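The values are calculated or read from the model by the stated rules, or taken from the named source; none is laboratory data. From a predicted model like this one, the values you see are computed outputs, not experimental measurements. Here the Cβ positions follow ideal geometry from the backbone for every residue, glycine too, while neighbour counts run over all protein chains shown.
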Amino acid sequence: MSGYPSHYPSCGQEERDELAYELVVCQQPLHARMCGFGEKDRRPIDPPPIVQLIVREKGQETWVDLQSLQTPFFVLHVTLWSADGTEERNIISNPPKCTRVLMGSLVSSPSLLKNTQGQQGLYFAFPDLSIRTEGQYSLRFPLIKLVSSDFQPDAKSKIIAQVFSDPFTVYSAKKFPGMTGV
């Protein structure tokens, strides 16, 4: 893959909590059938992207006890990007109107789950994502941790980590090879 690594370490730390955050896409999207511009014809990305959040004490190799984290305050958002991760592709602009390309549930809260080896982790799942146009894309997943100051007027949350998926292809109905069954 060109242009960026499959995961990025933390893009910033909360000054108060001395924790480092890392995201890993543990289930990469492989392909999708474009869903078109109707509201009823929704075709999910296959397989659904799943992102793991790894939290460490700053400068340490061991993971933080997941039970001690206040997980409802972590929010992972998803946006659509070019395959090389250089251009955002969320909107098609056809004046006078703009249309969203990425459809579905674009935010996720973490769930405490076990992986296939039986180890607990914090995972964000995106089972309801559809894309309206064919092409090569990647997904960007920025993570924010809501803090009390985020609830003030004109507040802006800080991205504390982000990761891009591997590139994948969205096919027209005639070219789509079928679901993977993963």
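Computed values, structure above
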read-out	value
Residue within the stretch 154-171 that is touching a Gly at 6+ places or on another chain (Cβ under 8 Å) and without any contact (Cβ under 8 Å) to a residue 40 or more places away in the chain present	no
The stretch 12-37 residues that are within 22 Å of Thr116 (Cβ to Cβ) and modelled with pLDDT of 90 or more, paired with ones that are surrounded by 15 or more Cβ atoms within 10 Å (Cβ to Cβ) and of a type in the set (Lys, Arg) (beta carbon under 8 Å, 6 or more apart)	Glu22/Arg56
Whichever residue in the stretch 114-127 is closer than 15 Å to Pro49 by Cα and more than 12 Å from the chain's Cα centre (by Cα) and, among such residues, is surrounded by the most Cβ atoms within 10 Å (Cβ to Cβ)	Leu122
Residue list for the stretch 69-104, restricted to those being among the aliphatic types (A, V, I, L, M) and either at pLDDT 90 or above or loosely packed, with under 10 Cβ neighbours inside 10 Å (or both)	Val75, Leu76, Val78, Leu80, Ala83, Val101, Leu102, Met103
Selected residue (criterion: modelled with the highest pLDDT) from residues of the stretch 105-114 that are assigned to a strand (DSSP E or B) and not polar (S, T, N, Q)	Val107
Scan of the stretch 142-175 for residues that are under 23 Å from Tyr21 (Cβ atoms) and modelled with pLDDT under 85, ordered by number	Leu146, Val147, Ser148, Ser149, Asp150, Phe151, Gln152, Ala155, Lys156, Ser157
Counted residues, the stretch 31-41 - those being surrounded by 15 or more Cβ atoms within 10 Å (Cβ to Cβ) and farther than 14 Å from Ser138 by Cα	4
Condition check for Lys175: exposed (fewer than 13 other Cβ atoms within 10 Å of the Cβ) and in contact (Cβ under 8 Å) with a residue 40 or more places away in the chain	yes
Among (1) touching a residue at least 60 places away in the same chain (Cβ under 8 Å); (2) in contact with a helix residue (DSSP H, G or I) (Cβ under 6 Å, 6 or more places away or on another chain) - the single one Pro110 does not satisfy	(1)
Tally of residues being under 16 Å from the mean Cα position of the chain (by Cα), over 15 Å from Val170 (Cβ atoms) and of a type in the set (A, V, I, L, M) across the stretch 72-93	2
Counted residues, the stretch 115-134 - those being at pLDDT 90 or above and not in a loop (DSSP other than H, G, I, E, B)	7
Within the stretch 128-158, considering residues that are more than 21 Å from Arg43 (Cβ to Cβ) and hydrophobic (A, V, I, L, M, F, W, C), the one surrounded by the most Cβ atoms within 10 Å (Cβ to Cβ)	Leu143
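Table: residues versus (1) polar (S, T, N, Q); (2) touching a residue at least 60 places away in the same chain (Cβ under 8 Å); (3) in a strand (DSSP E or B).
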position	(1), (2), (3)
Arg42	no, yes, no
Leu53	no, yes, yes
Arg56	no, no, yes
Gly59	no, no, no
Pro72	no, no, no
Leu76	no, yes, yes
Trp81	no, yes, yes
Gly85	no, yes, no
Ser93	yes, no, yes
